[in-house]
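S.K.: Sharing a structure, written as structure tokens. Questions coming.
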Amino acid sequence: MHVEDELTKAAATGNTCTVQLLLSKGVNVNSVNKFGRTPIQVMMMGNTTLAHLLLKYGADPHLPDPGTGSTPLHDAARTGFIDTVRILIRFNADPNATDNNNLRPVDVARQNGHADVVEFLSRF
């Protein structure tokens with residue numbers, strides 16, 4: 001397994017310790033795995049410690065998913081993880097980015113019934 005795949009696997013499974021170790025060894029936080037996705041795109045959205053770590057190391061919150069056009073902010077909004085939404089916004093994620101269906105993060109939060117996320121994102 002390539003280190004890029006190790007990093008995305010650790011992010012996807014919420015293994016913050018492994019992510020920290022790999023990043024401290026110089027693995028590129030924006031490297032893509034064999035599926036063309038970065039660690040922040042596949043991270044466990046409810047893990048705010050992991051989100052903060054990736055963003056602190058320079059993860060790009062603007063990169064759209066190659067298949068859906070969703071950004072990490074879309075994914076956090078869709079799943080209702082308000083704390084992750086807040087962290088992404090703090091690290092300059094674009095609340096007005098649109099996915100392949102021309103939906104913004106606030107729109108996908110609304111579709112999925114996450115009123116707290118809708119209220120927060122409506123400020124932008």
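Read-outs: derived from the displayed coordinates by stated rules, not from any lab. Everything quoted here is computed from the prediction, not taken from an experiment. Counting neighbours? That spans all protein chains shown, and the Cβs are built from the backbone with ideal geometry, glycine included.
S.K.: If each residue of separation counts as 0.36 nm, what is the full-extension length gain between Asn96 and Asp83 once their alpha-carbon separation is subtracted?
M.R.: Extra length from Asn96 to Asp83 when fully extended: 2.9 nm.
S.K.: Report the label-to-label distance for Lys9 and Thr49 in nanometres (one decimal), using points 7 Å from each Cα along the Cα→Cβ vector.
M.R.: 2.2
S.K.: Which three lengths, in whole Å and largest first, does the chain cover when its Cα atoms are put on their principal axes?
M.R.: Principal extents (Cα only, largest first): 39, 26, 21 Å.
S.K.: Let me ask something else about it. Would you work out which of Ala109, Ile87, His62 lies farthest towards the positive end of the dipole of the range 61-124? Charges go on Cβ: Lys and Arg +1, Asp and Glu -1.
M.R.: Farthest towards the positive pole: Ile87.
S.K.: Tell me what the chain gives for mean residue ellipticity at 222 nm when only DSSP H runs of n ≥ 4 count, each as -39,500 (n - 2.57), the sum divided by the residue total, rounded to 500 deg cm²/dmol.
M.R.: -13500 deg cm²/dmol
S.K.: In whole Å, what three semi-axes, largest first, describe the equivalent ellipsoid of the range 1-44 built from its Cα gyration tensor (square root of 5 times each eigenvalue)?
M.R.: The equivalent ellipsoid of the range 1-44 has semi-axes of 13, 12, 8 Å.
S.K.: Related question: Work through the residues other than Arg78 whose Cβ is under 14 Å from its Cβ and net out their charges, Lys, Arg +1 and Asp, Glu -1.
M.R.: -3
S.K.: Could you give the length gained on full extension between Ala115 and Asn30, defined as 0.36 nm per residue of separation minus the Cα-Cα distance, in nm?
M.R.: That pair, Ala115 and Asn30, stretches by 27.5 nm at full extension.
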